[in-house]
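Working notes for the structure below.
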Amino acid sequence: VSCTQNINTAKQQECQNPVTVSSGTRQSPIDINTAHCVYNPQLKPLKISYDPNNCLRLRNNGYFFQVDFEDSKDSSVISSGPLKNHYRLKQFHFHWGSKSDRGSEHTVNNQVYPAELHLVHWNPVKCNNSDEAILSEDGLAVIGVFLKLGKRHDRLQKLVDALPAVKHKDAAIEFLNFDPACMIPSCSDYWTYPGSLTSPPQTECVTWVIMKDPIEISPEQLATFRSLFYTSTGEKQKNMVDNYRPVQPLLKRTVYSTTS
Ligand SMILES: C[C@@H](CNC(=O)c1ccc(S(N)(=O)=O)cc1)Cn1ccc2ccccc21
Ligand SMILES: [Zn+2]
């Protein structure tokens with residue numbers, strides 16, 4: 001069933017025909033209960049190799065703002081860690097709250113962060129393109145990075161300065177030479193589990209890799225995220241905030257950890 005519905009906000013908005021994936025057995029996001037995580041000594045660090053020349057454009061898709069990458073070659077890829085194949089970077093985006101006591105999609109021992117970064121990669125070994133990947137079991141690998149309030153993130157400022165140019169839904173600008181590796185924490189520890197897209201069509205195609213350490217951004221930088229709109233120009237303006245899905249049941253899944 002595909003209906004155009006806004007991203008699930010905390011109120012789990014439903015469109016005409018509710019599309020809650022109630023039959024889902026591996027939905028995302030989840031709360032990461034560190035006491036129930038299983039230490040897996042075989043888990044290697046994730047290998048990350050991004051080429052800033054693949055960075056193409058920044059756009060407002062009406063759910064979040066997103067930076068799109070050239071993904072016709074294996075030039076910005078991740079591998080190793082829990083992954084059997086290498087995966088190509090397609091885009092990254094964020095989720096954030098209207099206030100700093102909400103915003104992240106995943107939580108850690110029920111602790112919420114004010115925002116969360118998702119770097120979305122697809123499997124070129126199993127799939128021909130990213131649209132096919134969302135329909136395949138191990139089609140996507142998404143790196144999640146928590147954001148906490150603190151000092152200004154100097155390298156992220158280039159992105160923050162570009163946001164006013166994409167205030168409204170469907171706005172897009174050329175955005176070049178940004179290295180997403182600057183948003184990966186220096187500590188390589190992570191949790192990993194099998195999950196889904198957190199927005200429609202919520203297909204169960206994602207291997208999640210959630211970095212343990214958050215990165216820091218300033219209150220001013222987060223305020224700029226909140227200055228974007230869900231709405232197109234001409235519509236009644238609705239601030240783009242609280243674009244996160246509530247946590248979903250873990251069910252029979254195990255979250256693996258790189259640390260005991
Ligand atoms: C995959 C959608 C587009 N959405 C995504 O690519 C996507 C990627 C990652 C996340 S997250 N937050 O989990 O990292 C969320 C969404 C397009 N699309 C293709 C077919 C399709 C059918 C219905 C609706 C949208 C559809
Ligand atoms: Zn996301």
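The values are calculated or read from the model by the stated rules, or taken from the named source; none is laboratory data. Nothing here was measured: the structure is a model prediction, and the numbers come from that model. Note that each Cβ is placed from the backbone with ideal geometry, even for glycine, and that neighbours are counted across all protein chains shown.
Just a few scattered comments:
- Residue within segment 52-63 that is on the phi < 0 side of the Ramachandran plot, hydroxyl-bearing (Ser, Thr, Tyr) and either buried (at least 19 other Cβ atoms within 10 Å of the Cβ) or at pLDDT 95 or above (or both) present: yes
- Picking from residues in segment 91-106 that are within 19 Å of residue 211 (Cα to Cα), buried (at least 19 other Cβ atoms within 10 Å of the Cβ) and not hydrophobic (A, V, I, L, M, F, W, C), the one that is farthest from ligand 2 (Cβ to nearest atom) is 103.
- First in segment 125-140 and over 12 Å from residue 197 (Cα atoms), second anywhere and near ligand 1 (Cβ under 9 Å from one of its atoms) and of a type in the set (Lys, Arg), Cβ under 8 Å, 6 or more apart: 130/90
- Filtered residues of segment 171-217 (kept if in a loop (DSSP other than H, G, I, E, B) and charged (D, E, K, R)): 179, 189, 204, 212, 213
- Those residues of segment 150-170 which are within 16 Å of residue 52 (Cα to Cα), free of Cβ contacts under 8 Å to residues at least 60 places away in the same chain and in a loop (DSSP other than H, G, I, E, B), in sequence order: 155
- Residue count for segment 191-202, restricted to those that are among the hydroxyl-bearing types (Ser, Thr, Tyr) and either in contact with a Ser or Thr (Cβ under 6 Å, 6 or more places away or on another chain) or within 12 Å of ligand 2 (Cβ to nearest atom) (or both): 3
- Of the strands (runs of 3 or more DSSP E) lying entirely inside segment 61-146, those carrying at least 2 residues that are in contact with an Asp or Glu (Cβ under 8 Å, 6 or more places away or on another chain) are 87-96, 115-122.
- Of the residues making up segment 187-203, those that are within 11 Å of ligand 1 (Cβ to nearest atom) and either crowded, with 22+ Cβ neighbours inside 10 Å or among the β-branched types (Val, Ile, Thr) (or both) are 195, 196, 198, 203.
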